[in-house]
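Here the structure comes first, spelled out in structure tokens, and everything after it is commentary.
The values are calculated or read from the model by the stated rules, or taken from the named source; none is laboratory data. What you see is a predicted model; the values in this text were computed from it and never measured. Here the Cβ is made from the backbone with ideal geometry for all residues, glycine too, and neighbour counts use every protein chain on show.
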Amino acid sequence: MLAYLERNQGGATWLVAVSSAQEASSIILRTGRPAIAMGGFTGSDPAMTVAKLQQYVKDGELRFILLGGRMGPGGGDTAVTAWVQKNATPVDATAYGGTAAARPAPGCTSSAEQGRRR
């Protein structure tokens, strides 16, 4: 999945937003690119807000959000999770050779998704 994110990052500042700093640090170490820890260190802090996430997307700073880990009920900000689930389009796992779906930030699509929509 990381290779897919790197190929499709475009001009975005952040490679991906993930639930915790533990997940983000792994991605940063493997790719050398910045990642957002939406739920703080453990994934249970409400470090990301819907407004902040919307601004990153609007400004073109973020294209992909990976839901999972401890975000959502019992951890992190459920409003952020709900907004992503409502507004983002999942990337088909076959596009990156995996089984989970990364969600592009709303309004952002990869070249693979654009091909499916035509």
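Mind counting the residues in region 9-26 that are more than 12 Å from the chain's Cα centre (by Cα) and buried (at least 19 other Cβ atoms within 10 Å of the Cβ)?
Residues meeting the conditions: 1.
I'm trying to understand the selection: among the residues of region 41-64, which are in a helix (DSSP H, G or I) and not basic (Lys, Arg)?
50, 51, 53, 54, 55, 56, 57
Mind counting the residues in region 1-27 that are more than 15 Å from residue 62 (Cβ to Cβ) and either out of contact with any Gly (no Cβ under 7 Å at 6 or more places or on another chain) or among the aliphatic types (A, V, I, L, M) (or both)?
9
Output the number of residues of region 23-40 satisfying the condition of being part of a loop (DSSP other than H, G, I, E, B) and in contact with a helix residue (DSSP H, G or I) (Cβ under 9 Å, 6 or more places away or on another chain).
Matching residues across region 23-40 total 5.
Taking the criterion of being at pLDDT below 95, of a type in the set (Gly, Ala, Ser), touching a helix residue (DSSP H, G or I) at 6+ places or on another chain (Cβ under 8 Å) and farther than 18 Å from residue 96 by Cα, would at least one residue in region 8-22 satisfy it?
no
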